[in-house]
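*Asks:* Below is a structure I'd like to ask you about.
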Amino acid sequence: MSVEGEALAHGTLSEAGGPAAGAGALLAILRDGQARTRAELAQLTGLARSTVSQRLDVLINHDWIVPSEDTISSGGRPATAFAFNRGARIVLSADLGATHARLAVTDLGMAVLAERAAELPIERGPEPTLSWLVTAFEEMLAETGHPLSQICGIGIGLPGPVEHTSGRPVNPPIMPGWDDFPVPEWLGERLGAPVLVDNDVNIMALGEHWIASPEVDHLLFVKIGTGIGCGIIADRRLHRGSQGAAGDIGHIRVTSAGDALCRCGNSGCLEAVASGAAMAATLRAAGIDAAGSRDVVGLIRGGSAQAAQVIRQAGRDIGGVLAAIVNFFNPSVIVVGGDIAEAGEHVLAGVREAIYSRSLPLATQHLNIRASELGDRAGVIGAAVMVVEHVLAPGTVDQAVTAPA
Ligand SMILES: [Zn+2]
């Protein structure tokens, strides 16, 4: 690898404009969707126009960019502009929850070309689950008319801790048989593309940040479903922690939980009182029929005052834990997502109440607490973001375009 390539291997968008910009760095500039001429790119990067031309040719040959239909006139003869080709490849993504799955085929700009949702209990184990996934993806590709060779990557979210570098689940509590299963190798062999795996809350945080809050540096995505988890965007990057366990707020002890038993084996965890499963149990104890988080949402939509009370209290319990995290981490946006978030304002009201009354004024001065804009699509969009950010990283593109065909 040349010195230039070395310098760019860990390049970011802010470094993309330097004089050492390779083809990947030019592509990074064009990924914002704006078409630019050779002259504009030369000015942005400080490169000679001939160098820009060479690198644009490389990108055109690999289909990453296309000459834009609009040519830009600078007074004299019109100059051709070049634009990112979001349709160059496709991404397959799947958000696998405890009981249901959502799948999507997207382009490189995260536009959804096909999607599917299904009941799919994760406890069926890795091979039955992933076999189903392969068949579903093949059917969806037949729908969109793309061959396997068009796939640039596959992104998977799993409802448990994942070692991101190997893509293997690590002691996932609700996923029997999945511990250390080689998900990337198993799927990669069958679909012929690189596979990236992460925890479902992490990919939701990525999706929500990318689509709804790209200008925000520090964001928390709190998923309230069967369990409770939190994805952390710090300095615009996903913070996974040293073992991939960052953001596991469901097992922080809360006083309101008393000695309520948690599925992790401890007692007094936030999840034991405020998860969708716990809310359903509270309602059952009051003689109301509710099996899980989606039943709780159904009761809210049906106007149940008791369900509203339970969900608001859960919001306060979650907000109490988040209040401490706000003081510690100082995010500017907290997004509330997951099944329970679909119950609307009740849960948000509880969360806001606890955070604003307990966090420090300086930390909450500009804090925005809102519901997920992507809703149940946050996971699949985020899994696609994870793949595209990996495949189109300047260093990865430079390697791909210099590799022998
Ligand atoms: Zn616990």
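*Asks:* Need the failing condition index for Leu322 against (1) at pLDDT 95 or above; (2) surrounded by fewer than 22 Cβ atoms within 10 Å (Cβ to Cβ), just the number.
*Replies:* Of the numbered conditions (1) at pLDDT 95 or above; (2) surrounded by fewer than 22 Cβ atoms within 10 Å (Cβ to Cβ), the odd one out for Leu322 is (2).
*Asks:* Scan region 246-273 and report the pairs whose first residue is more than 18 Å from Phe329 (Cβ to Cβ) and touching a residue at least 40 places away in the same chain (Cβ under 8 Å) and whose second residue is among the acidic types (Asp, Glu) and within 9 Å of the ligand (Cβ to nearest atom), with Cβ atoms within less than 8 Å and a gap of 6+ or a chain change.
*Replies:* Taking only residues 6 or more apart or on different chains, the pairs are Arg263/Glu271; Cys264/Glu271.
*Asks:* Considering only residues that are within 12 Å of the ligand (Cβ to nearest atom) and assigned to a strand (DSSP E or B), look in region 219-237 and name the one that is nearest to Val197 (Cα to Cα). Let's see the steps before the verdict.
*Replies:* Filtering region 219-237 for residues within 12 Å of the ligand (Cβ to nearest atom) gives 227-229.
Checking the rest, the ones that are also assigned to a strand (DSSP E or B) come to 228-229.
Numbers: Ile228: 19, Gly229: 17 Å.
It comes out as Gly229.
*Asks:* Tally the residues that are assigned to a loop (DSSP other than H, G, I, E, B) and not hydrophobic (A, V, I, L, M, F, W, C), restricting the search to region 134-180. Outline the logic, then answer.
*Replies:* First pass over region 134-180, keeping only residues assigned to a loop (DSSP other than H, G, I, E, B): 145-147, 159-161, 164-167, 170-180.
Still in the list and also not hydrophobic (A, V, I, L, M, F, W, C): 145-147, 159-161, 164-167, 171-173, 176-177, 179-180.
Residues that pass the stated criteria total 17.
So that you can scan it fast, the table gives a plain yes or no per residue for (1) under 21 Å from the mean Cα position of the chain (by Cα); (2) surrounded by fewer than 14 Cβ atoms within 10 Å (Cβ to Cβ); (3) not aromatic (Phe, Trp, Tyr):
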{"position": "Gln34", "(1), (2), (3)": "no, yes, yes"}
{"position": "Thr45", "(1), (2), (3)": "no, no, yes"}
{"position": "Trp64", "(1), (2), (3)": "no, no, no"}
{"position": "Ser68", "(1), (2), (3)": "no, no, yes"}
{"position": "Leu113", "(1), (2), (3)": "yes, no, yes"}
{"position": "Arg116", "(1), (2), (3)": "yes, no, yes"}
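*Asks:* Taking the residues in region 249-258 that are modelled with pLDDT of 90 or more and over 13 Å from Gly320 (Cβ atoms) as candidates, determine which candidate is nearest to the ligand (Cβ to nearest atom).
*Replies:* Result: His251.
*Asks:* For Val380, are the conditions met, namely being touching a strand residue (DSSP E or B) at 6+ places or on another chain (Cβ under 7 Å) and either modelled with pLDDT under 95 or closer than 23 Å to Gly241 by Cα (or both)?
*Replies:* Details: touching a strand residue (DSSP E or B) at 6+ places or on another chain (Cβ under 7 Å): yes; either modelled with pLDDT under 95 or closer than 23 Å to Gly241 by Cα (or both): yes.
In short, yes.
*Asks:* Given Ala363, Ala400, Ala384, which one is in a helix (DSSP H, G or I) and closer than 20 Å to Ser332 by Cβ? It would help to see each step written out before you state the result.
*Replies:* Details: Ala400 fails: closer than 20 Å to Ser332 by Cβ; Ala384 fails: closer than 20 Å to Ser332 by Cβ.
The unique qualifying residue is Ala363.
*Asks:* Okay, moving on. Taking the residues in region 273-308 that are within 16 Å of the ligand (Cβ to nearest atom) and over 17 Å from Gly350 (Cβ atoms) as candidates, determine which candidate is surrounded by the fewest Cβ atoms within 10 Å (Cβ to Cβ).
*Replies:* First, the residues of region 273-308 that are within 16 Å of the ligand (Cβ to nearest atom): 273-279, 281.
Filter once more, so that each one left must be over 17 Å from Gly350 (Cβ atoms): 277, 281.
Values: Ala277: 21, Ala281: 17.
Selected residue: Ala281.
*Asks:* Still on this structure, I have one more. Which members of region 210-237 meet the condition of being free of Cβ contacts under 8 Å to residues at least 12 places away in the same chain and more than 12 Å from the chain's Cα centre (by Cα)? Spell out the reasoning first.
*Replies:* Filtering region 210-237 down to residues free of Cβ contacts under 8 Å to residues at least 12 places away in the same chain leaves 214-215, 237.
Pro214, Glu215 - these are the residues of region 210-237 that are free of Cβ contacts under 8 Å to residues at least 12 places away in the same chain and more than 12 Å from the chain's Cα centre (by Cα).
*Asks:* Right, another one. Out of Arg102, Arg124, I need the residue that is touching a residue at least 12 places away in the same chain (Cβ under 8 Å) and either charged (D, E, K, R) or at positive phi (or both). Which one?
*Replies:* Arg102
*Asks:* Taking Arg240, is it in a loop (DSSP other than H, G, I, E, B), touching a residue at least 12 places away in the same chain (Cβ under 8 Å), of a type in the set (Lys, Arg) and within 15 Å of the ligand (Cβ to nearest atom)?
*Replies:* On the way: in a loop (DSSP other than H, G, I, E, B): yes; touching a residue at least 12 places away in the same chain (Cβ under 8 Å): yes; of a type in the set (Lys, Arg): yes; within 15 Å of the ligand (Cβ to nearest atom): no.
In short, no.
*Asks:* In addition: Quick test of your reading of the structure: Ile355 fulfils all but one of (1) part of a helix (DSSP H, G or I); (2) among the aliphatic types (A, V, I, L, M); (3) modelled with pLDDT under 95. Name the failing condition by number.
*Replies:* (3)
*Asks:* Just for region 259-272: of the residues that are out of contact with any Gly (no Cβ under 7 Å at 6 or more places or on another chain) and crowded, with 18+ Cβ neighbours inside 10 Å, which one is modelled with the lowest pLDDT? Even if it seems obvious, please write down each step before you answer.
*Replies:* Residues of region 259-272 that are out of contact with any Gly (no Cβ under 7 Å at 6 or more places or on another chain), as a first pass: 261-267, 272.
From what is left, the residues that are crowded, with 18+ Cβ neighbours inside 10 Å are 262, 272.
Details: Cys262: 91, Ala272: 94.
The extreme case among them is Cys262.
The values are calculated or read from the model by the stated rules, or taken from the named source; none is laboratory data. The shown structure was predicted, so the numbers you read here are calculated from the model rather than taken from an experiment. A quick note on method: Cβ atoms are made from the backbone with ideal geometry, for glycine too, and the neighbour counts reach across all protein chains shown.
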